[in-house]
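Please treat every number below as a calculation from the coordinates, not as lab data. Predicted model, so just to flag it, every value in this text is computed and none were measured. Glycine also receives a Cβ, built like all others from the backbone with ideal geometry; neighbour counts cover every protein chain displayed.
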Amino acid sequence: MEENVTILAIESSCDETAAAVVRNGRDVLSNVISSQIALHTLYGGVVPEIASRKHIEKINQVIEQALQEAGVTLQDITAIAVTYGPGLVGALLVGVSEAKAISFATGIPLVGVHHISGHISANYIEHKELEPPFVCLVASGGHSHLVIVRDYGVYEIIGRTRDDAAGEAFDKVARAIGLGYPGGPKIDKLAREGNPDAIVFPRAKVAENKYDFSFSGLKSAVLNYLNGCQMKGEEVCQADVAASFQKAVVDVLVEHSLHAVKAFGYDKFAIAGGVASNSALRGAFETECQKRGIAFYHPSPILCTDNAAMIGAAGYYEYLKGVRHGYDLNAVPNLQL
């Protein structure tokens, strides 16, 4: 095995064009992210066609910058790791096509990476001592998965959302109370000024699987509350709505996650994904894990949102397992974990 495995990683699954250089799965030499948030804010959410075009404009620049900041050239790269799903098909195709082109031109091996595996692997960057097995909650705009990480790249999903993902619910509620896009950070900020016990919103349980999530009813309850206030001519306290809604989401995520950690006999728990940067969620897990004697791991906020460093970490372990993809690698927007 090579003494040092240096991965050039590419991520373009949604609205961040990102490239990174990661050595041996845990040492980030560079992590460049070109965000499109300001652009999509004009439309109240991500417009897939605009995202794809922006990726095409930016991808060469972010790769060149990532190599430059890492102080390496393509001659130093052991493998190219790229997100090939899930995500927006047009956006994914930009990253996959770029990775295949570089691989074809240089002969550097190509390794396709699952986006969710990347999110989970962000914890390895931040916590060098963390090794499987452990339980991980992946909460983002498109996913709410409760996963047993049995080994590097070996996952068992024990719970998932039946409808809206947690991040999707944040975005929709933020829009409803007039905060705009992106909803997660705005609700997190406003909730600090509100009373989380001001309004009692429902905490859904799924009868068939106690580890599954459902946030559609909660979102509807918030909309009904807002409509009720409007019909009665009552003033709405945005901060109270944000805080009460956020508490309902946090309570469900914490309860299901820690129930699973105990039931499956683990003493390590991690969070990942965009919603994992929510301060109330991190604080609640910190408190509850400490009470229960569970080691709690979470990446820095910059590694919770979409980035290429996490793809480099996941790609390293896939590379070690002998995973290599051919030039027929394609974008798979609904790729299963």
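Computed values, structure above
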{"quantity": "Helix 279-292 axis, angle to the chain major axis (alpha carbon atoms, nearest 10°)", "calculated": "90"}
{"quantity": "FRET efficiency for Ala204 and Ala263, using Cβ-Cβ distance with R0 set to 25 Å, rounded to 0.05", "calculated": "0.80"}
{"quantity": "Extreme residue, positive dipole direction of segment 124-211, given options Ser144, Ala204, His127 (C-beta unit charges)", "calculated": "Ala204"}
{"quantity": "Quotient of C-alpha Rg and 2.2 N^0.38 Å, computed over the chain", "calculated": "1.01"}
{"quantity": "For the chain, size of Cβ-based charge dipole, Lys and Arg +1, Asp and Glu -1, in debye", "calculated": "560"}
{"quantity": "Two-decimal ratio, segment 1-113, of alpha-carbon radius of gyration to 2.2 N^0.38 Å", "calculated": "1.06"}
{"quantity": "Alpha-carbon centroids, segment 36-79 and segment 123-198: separation in whole Å", "calculated": "23"}
{"quantity": "Residues in segment 56-87 that a label on Ile302 would reach, taking backbone N under 18 Å of a point 7 Å out along Cα→Cβ", "calculated": "62-72"}
{"quantity": "Rounded to 5, the percent of DSSP beta bridges in the chain classed as antiparallel", "calculated": "60"}
{"quantity": "Listed peptides 291-298, 14-21 by packing density, highest first (mean Cβ within 10 Å)", "calculated": "14-21, 291-298"}
{"quantity": "Cβ-Cβ FRET estimate between Leu39 and Glu3, R0 fixed at 56 Å, reported to 0.05", "calculated": "0.85"}
{"quantity": "Most positive-pole-ward Cα, Gly273, Ile302, Asn330, against dipole of the chain from beta carbon charges", "calculated": "Gly273"}
{"quantity": "With Cα atoms, 0 to 90° folded angle of helix 48-70 axis to the chain main axis", "calculated": "50"}
{"quantity": "DSSP-defined antiparallel bridges as percent of all bridges, segment 1-158, nearest 5", "calculated": "75"}
{"quantity": "Computed magnitude of the charge dipole of segment 133-298 (debye, nearest 20; Cβ of K, R +1, Cβ of D, E -1)", "calculated": "120"}
